[in-house]
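Written below as structure tokens is the structure these notes are about.
The values are calculated or read from the model by the stated rules, or taken from the named source; none is laboratory data. Worth saying up front: this structure is predicted, and the values here are computed from it rather than measured. Heads up, the Cβs are rebuilt from the backbone with ideal geometry, glycines too, and the neighbour counts pull from every protein chain shown. Ligands, DNA and RNA are stripped out before the accessible areas are found, and what is left, the full protein with its side chains, is counted by its heavy atoms. Shrake-Rupley method; radii C 1.70, N 1.55, O 1.52, S 1.80 Å.
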Amino acid sequence: FGIKYNEGLGQPAGEEFTEALYERSLEISSFKTIEGVGDIDLSAPVGTTFQLTPTSTVTVIDPYDCYMDALKSCFDFDQLREFAKKEGFSLLFDGMHGAGGPFARRVLVEELGLPESSLLRCDPRPDFGGCHPDPNLTYAAALIKKMGLNPDGSADESADTAKLPSLGAAN
């Protein structure tokens, strides 16, 4: 099994922390599970609580609302919406089939009004769609190509610049 740890506002944990965590993980000799507990319905309404044991519960939350609250405390979404409407502005976000895809849809499409075509591979898959989930020049090749770049990051002279997004990002 594995874990993914992000810091307070969702940014990836720093290398020093992840290395220390990895070293500690090598010391794990066992872990506990709760037996005899039924499945938890993660599609239950937000706020639904499941009693697992007399002292253990699981409550369904909406991580999108928490995330949006955090983003809106940092950024002026009215100004971002206006910027997204500017002539000539377009964006392409590659979710790489990771957990960030639905968050990108919520922020970019639902909140900022960008078209659905701004999203690439934003449907989470357990195996990342058979792709490596690292957003770099090698593993974000689909985004790199759609941005009009060569695999080394240089401009692809044959790309039709009129059809290229003005901004690209991978998660």
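Quick look at the numbers
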quantity	calculated
Residue-count net charge about residue 94 - beta-carbon cut-off 11 Å; Lys, Arg +1, Asp, Glu -1	+3
Taking region 39-109 and dividing mean pair separation by its residue count, relative contact order in percent (alpha carbons under 8 Å, at least six apart)	19 percent
Scattering profile of the chain at q = 0.15, 0.19 Å⁻¹ [log10 I(q)/I(0), Debye over alpha-carbon scatterers]	-1.10, -1.41
1.4 Å probe accessible area per residue over region 112-152, in Å²	61 Å²
Euclidean distance of C-alpha centroids, region 59-123 and region 140-171, integer Å	20 Å
For region 44-131, convex hull volume per residue from C-alpha positions, Å³	130 Å³
For the chain, the longest site-free run once trypsin sites (Lys or Arg not before Pro) in DSSP loop states with at most 16 other Cβ atoms within 10 Å are removed	87-171
Value at 222 nm in deg cm²/dmol, rounded to 500, when DSSP H runs of n ≥ 4 in the chain each add -39,500 (n - 2.57)	-6500 deg cm²/dmol
Loop chymotrypsin sites (Phe, Trp or Tyr not before Pro), region 1-67, which have at most 12 other Cβ atoms in a 10 Å radius of their Cβ (DSSP)	1, 5, 31
C-alpha long axis of helix 15-25 to longest principal axis of the chain, angle in °	30 degrees
Within a Gaussian network of the chain (alpha carbon springs, distance under 10 Å), most fluctuating of 60, 37, 46	37
Global geometry of region 1-101, whether rounded, prolate or oblate, following the gyration tensor of its Cα atoms and the 1.5 cut on a/c	oblate
The chain: antiparallel DSSP beta bridges as a percent of all, rounded to 5	50 percent
Chymotrypsin sites (Phe, Trp or Tyr not before Pro) within region 84-131, DSSP loop, no more than 14 other Cβ atoms inside 10 Å	89
Residue-count net charge about residue 81 - beta-carbon cut-off 13 Å; Lys, Arg +1, Asp, Glu -1	-2
Volume in Å³ per residue [convex hull over Cα atoms, computed for region 76-171]	95 Å³
1.4 Å probe accessible area per residue over region 15-111, in Å²	73 Å²
Accessible surface of the chain [probe 1.4 Å, protein heavy atoms]: carbon and sulfur percent	55 percent
